[in-house]
């Protein structure tokens, strides 16, 4: 099975290629240049691997939550490529990809959602993958859901930005915090292999971002609160 995956949900642009168990990945700090960089990076990666798009069996993309613009870019590229070659698609949770990246038994995956808020999920590792203790949601650092017991690993840009408050909030729960961790296509393609094996690939038109937040920006009257 040959699968390509990419993620543009954060300031990083990452790609991965799974070729029957062989894994190739790339990433770059893209800032706001995801739409400019993604397709050329993908073509370069395919060329280096000696693979053409018509040999790809599945496409995975970071479905969110994350940057509104970034999620739309990844989804539209996935749809365009999938339509062109009739390739099935899966969307991968960015927060679950964070859990996969740190790969510890219990993970608090937290991304900065801007406007003083977080995208939050809590996962425990199970034999068949990740089990959500708290499904992805939007919250403020001080209202993040409680978890039971210790041994939790905190990760993601939310912890990078709000580490003192979250450390206090989860005092007694956290075993460690891993800084500088962001969703990556490398873990997404590994997760996608399982989904495609289980027959969970979807038609291109069914590939949709997961926004969680419906509001992109604060009104003038709301700023400063």
Just checking, how many residues over segment 12-24 are under 28 Å from residue 114 (Cα atoms) and touching a residue at least 40 places away in the same chain (Cβ under 8 Å)?
4
Within segment 159-193, count every residue that is out of contact with any helix residue (DSSP H, G or I) (no Cβ under 7 Å at 6 or more places or on another chain) and over 22 Å from residue 26 (Cβ atoms).
12
Hey, can you tell me all the residues within segment 74-90 that are surrounded by fewer than 24 Cβ atoms within 10 Å (Cβ to Cβ) and under 15 Å from residue 14 (Cα atoms)?
75, 77
Which of the residues spanning segment 150-173 are surrounded by 14 or more Cβ atoms within 10 Å (Cβ to Cβ) and in contact with a strand residue (DSSP E or B) (Cβ under 6 Å, 6 or more places away or on another chain)?
152, 153, 154, 155, 156, 157, 158, 159, 161, 173
Look through 108, 138 and report the one residue that is touching a strand residue (DSSP E or B) at 6+ places or on another chain (Cβ under 8 Å) and crowded, with 20+ Cβ neighbours inside 10 Å.
108
Sole miss for residue 28 among (1) within 30 Å of residue 177 (Cα to Cα); (2) buried (at least 18 other Cβ atoms within 10 Å of the Cβ); (3) not assigned by TED's automatic domain parsing to the domain that holds residue 142 is condition (2)
Check residue 69 against each of (1) under 20 Å from residue 11 (Cα atoms); (2) touching a residue at least 40 places away in the same chain (Cβ under 8 Å); (3) in a helix (DSSP H, G or I) and name the one condition it does not meet.
(2)
Among the residues in segment 115-125, are any in contact with a helix residue (DSSP H, G or I) (Cβ under 7 Å, 6 or more places away or on another chain), surrounded by fewer than 24 Cβ atoms within 10 Å (Cβ to Cβ) and modelled with pLDDT of 95 or more?
no
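The values are calculated or read from the model by the stated rules, or taken from the named source; none is laboratory data. Note that the structure is predicted; figures quoted are calculated from it, not measured. Please note: Cβ atoms are built from the backbone with ideal geometry, for glycine as well, and neighbour counts cover all protein chains shown.
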